[in-house]
Amino acid sequence: MPAGARDLLGHRPFLFFLSSRSLSRFSSQIGAVAIGWQIYDLTGSAFDLGMVGLVQFLPTALLVFVAGHAADRFERKRVVQACQFVEALTAAFLAGSTFAGTISELQIFAATFALGIAGAFESPATAALLPLIAPQGSLQRATAISSGAAQIATITGPALGGLAYAMMPSAPYAVMVVFWLLGMILTGGIGRLQQAAPKDSASSDDLFAGVTFVRSNPAILGTISLDLFAVLFGGVTALLPIYARDILMTGPLGLGVLRAAPAVGALLMTMILARHTIHRRVGMRMFQAVIVFGAATVVFAVSHWMWLSVLALAVLGAADTISVVIRFSLVQLATPDEMRGRVGAVNFLFINASNQLGQFESGVTAALLGTMPAAVLGGLGTIAIALLWMKLFPTLRNVEKLE
């Protein structure tokens, strides 16, 4: 491990942040497998799988600007702790209802909505914490390590979630409770941070200051919107239960492996980025990564072999990691600390729109055109978006370096 990475892992606040974020990601990935499989098991509907993404996105759309303002006005680690506690309670409800055999589709959607509310507040506060914790000049490396730790959780989380669900449907939700509560405790151990006080009042203009800032910065606007449209069309996450059961002929454990595959690729790429940060032509590197993401999506879409599907998803995850590290570092370094929560909220809105509305889009398209044509069309759409954005945002394409 390079010296810079060792120094970061020896930095106590960063270590606590890393552990807490990983546990939250672990719980989220277990929940994604359990909820997706349970919904498809109850309904057998691709449309209902897509609805999970829509239900989880709605709180983000409704609350994201309030959440970003809260991340700038209140102590960020306390905001994160409150969200982790709410998520633990929601998982406890799912565990109890599933164990009792009284769980219904409506209850799952209600719990998903509650998790969406907590996530809408947690993500901007978490993103705005990292620049306060990482030593000066180390944000890109800290982002890569943080992403890698989360990917380790993402690798093991889906596999454990699928295995636990196969053993007992309530078991994955019980694990989620434990991990969110542990994450809440670790967040409290980060210590006191010097958070910049907001310079403006709690007015409507203040709430939407993040939007104004993003619109005035072409590089940030291009970065965030590229992720929105590329993943909106290219995401195949919602279709994985269908691929697992109906195309690749596997079960809940196989679904866990498929969901973990992108994280394996992401982890390998994270190890490379932690040692070798991207020093030049970072804008072009991000566009290239998105194009590879789209191409890997197409390969996965047409595959009938488990090994090829897993490989394509791993390549997809590696390409996405390059984009994530560049995007996060660029946005955070270009944003004043007193506005990081609100700008992070705008970023989170776009990310959720791409991931969760992308699930909805994939489910609807699959219901109309069929699963494989929908996935192929999504991958080709991602490539087209990357090429178009290269023309629309030359400022972003020409970004040379980050730190």
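The values are calculated or read from the model by the stated rules, or taken from the named source; none is laboratory data. In this text, all values refer to a predicted model and were calculated from it rather than measured experimentally. When we count neighbours, we look across all protein chains shown, and the Cβ atoms used for this are built from the backbone with ideal geometry, even at glycine.
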- Restricting attention to the range 70-94, the residues that are buried (at least 22 other Cβ atoms within 10 Å of the Cβ) and over 17 Å from G116 (Cα atoms) number exactly 3
- Report yes if A144 is touching a Phe, Trp or Tyr at 6+ places or on another chain (Cβ under 6 Å) and either buried (at least 21 other Cβ atoms within 10 Å of the Cβ) or not in a helix (DSSP H, G or I) (or both), otherwise no. no
- Task: Output the number of the condition that L308 fails; it satisfies all remaining conditions of (1) at pLDDT 90 or above; (2) in contact with a helix residue (DSSP H, G or I) (Cβ under 6 Å, 6 or more places away or on another chain).
- Result: (2)
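Does T98 meet the test of being out of contact with any helix residue (DSSP H, G or I) (no Cβ under 8 Å at 6 or more places or on another chain) and polar (S, T, N, Q)?
In short, no.
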- Task: Can you tell me which residue among V264, V290, V325 is within 21 Å of A32 (Cβ to Cβ) and within 16 Å of the chain's Cα centre (by Cα)?
- Result: V264
- For residues that are touching a Ser or Thr at 6+ places or on another chain (Cβ under 6 Å) and closer than 25 Å to M269 by Cβ, scanning just the range 107-140, find the one that is surrounded by the most Cβ atoms within 10 Å (Cβ to Cβ). Q140
- Message: Taking the criterion of being closer than 19 Å to P241 by Cα and of a type in the set (S, T, N, Q), would at least one residue in the range 150-159 satisfy it?
- Response: yes
- When you look at P252, is it closer than 22 Å to Y165 by Cα, touching a Leu at 6+ places or on another chain (Cβ under 9 Å) and modelled with pLDDT of 80 or more, yes or no? no
- Query: Taking the range 39-54 as the search range and keeping residues that are under 13 Å from A238 (Cα atoms) and either at pLDDT 85 or above or among the acidic types (D, E) (or both), which one is surrounded by the most Cβ atoms within 10 Å (Cβ to Cβ)?
  - Reply: I39
- Item | Residue check for I117: outside any helix (DSSP H, G or I) and touching a Leu at 6+ places or on another chain (Cβ under 9 Å) | no
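Does the range 28-38 contain any residue that is at pLDDT 80 or above, in a helix (DSSP H, G or I), more than 30 Å from A209 (Cα to Cα) and of a type in the set (F, W, Y)? Outline the logic, then answer.
Filtering the range 28-38 for residues at pLDDT 80 or above gives 28-38.
Then drop every residue that is not in a helix (DSSP H, G or I), which leaves 28-38.
Now narrow it down to the ones that are more than 30 Å from A209 (Cα to Cα): 29-38.
Then keep just the ones that are of a type in the set (F, W, Y); that gives 37.
Yes: one or more hits.
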- Task: Evaluate the following for G44: is it under 23 Å from L255 (Cα atoms) and either polar (S, T, N, Q) or under 18 Å from the mean Cα position of the chain (by Cα) (or both)?
- Result: no
- Residue list for the range 370-400, filter: outside any helix (DSSP H, G or I), out of contact with any Leu (no Cβ under 8 Å at 6 or more places or on another chain) and touching a residue at least 24 places away in the same chain (Cβ under 8 Å): N398, E400
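State all residues of the range 72-88 that are among the aliphatic types (A, V, I, L, M) and either in contact (Cβ under 8 Å) with a residue 40 or more places away in the chain or touching a His at 6+ places or on another chain (Cβ under 6 Å) (or both); if no residue qualifies, say none.
V79, V80, A88
Say whether the condition of being at pLDDT 80 or above, out of contact with any Asp or Glu (no Cβ under 9 Å at 6 or more places or on another chain) and not in a loop (DSSP other than H, G, I, E, B) is met by at least one residue in the range 188-209.
Taking every residue of the range 188-209 in turn, at least one turns out to be at pLDDT 80 or above, out of contact with any Asp or Glu (no Cβ under 9 Å at 6 or more places or on another chain) and not in a loop (DSSP other than H, G, I, E, B).
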- If you go through A128, A164, A159, A171, the only one that is at pLDDT 75 or above, within 19 Å of L18 (Cα to Cα) and not charged (D, E, K, R) is A128
- Can you find a residue in the range 177-193 that is in contact with a helix residue (DSSP H, G or I) (Cβ under 8 Å, 6 or more places away or on another chain), within 21 Å of N347 (Cβ to Cβ) and of a type in the set (A, V, I, L, M, F, W, C)? yes
- What residue, of T102, T60, is more than 22 Å from F179 (Cα to Cα), without any contact (Cβ under 8 Å) to a residue 24 or more places away in the chain and either part of a helix (DSSP H, G or I) or more than 21 Å from the chain's Cα centre (by Cα) (or both)? T102
- Query: Which condition breaks for P262 when tested against (1) surrounded by 20 or more Cβ atoms within 10 Å (Cβ to Cβ); (2) under 30 Å from L139 (Cβ atoms); (3) touching a Pro at 6+ places or on another chain (Cβ under 6 Å)?
  - Reply: (3)
